[in-house]
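To start, the structure under review is shown below, and the notes come after it.
Rule-based calculations on the coordinates, nothing more; no lab input. Because the structure is a prediction, the values reported are computed rather than measured. Using ideal geometry, Cβ is built from the backbone for each residue, glycine included, and neighbour counts are taken over all protein chains shown.
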Amino acid sequence: MSDDYVRQRLSQAMDGLAVSKQNLQCRLAAAGRALLVLRDDDFTDDDDRASFRQIIDVLTRYGAGGEIGNVETSAIELDDEAALKVAQQIHDLHARYFPLYVEPATRTPRQLEEDDARTIFEVMMEFARLMGFDPAASEVRAAGRAALKSAGGDDDGRPEPGEHH
């Protein structure tokens, strides 16, 4: 089967674990039912295949191998610690198929500080507007610019009313 199908089933397993008021063992059974349709050879990576096999072995320990009914029996027999370990294994396997995207560090620390300072400035201007002050008034803008500069940023480059650059 395709990686897309494996991802779909892993997502369903995570939904079974995460979206329920039931105890961990019942949620684990739901996750196991989502995974039972997969086979070892659906996983191209040896480590992923081994992780999958460990999960399925624990979740099909009781009853005839591979039958859906034995997932509930096997999951219910797990104590909380063992159930949590299997849930973590499912989570880890899911994470390998859905790695978090981390944006490369293309902005310098100085640019990040300026962005933060600019956000503070924009929030201050919005607050001033909500409090009934005119954000374009020179004293409000001057206070905002002073805060922006003290936070490491530069002003927004727009002239004060009546100023010309």
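Details
- Each Lys and Arg contributes +1 and each Asp and Glu -1, all at the Cβ; summed about the Cα centre of region 3-97, the dipole is approximately 320 debye.
- Label-point separation, GLU81 to SER2 (7 Å along Cα→Cβ), nm: 4.3 nm
- Region 1-63 shape via C-alpha gyration tensor axes, a/c threshold 1.5: oblate
- Using the Cβ of LEU78 as centre and a radius below 13 Å, the other residues enclosed give a net charge of -3, where K and R count +1 and D and E count -1.
- Here the relative contact order of region 3-97, from alpha carbon pairs under 8 Å that lie six or more residues apart, stands at 33 percent.
- Length released on extending from ASP57 to HIS91, taking residue separation times 0.36 nm less the Cα-Cα span: 10.6 nm
- Summing charges over all other residues whose Cβ lies under 11 Å from the Cβ of ILE56, with Lys and Arg as +1 and Asp and Glu as -1, gives +2.
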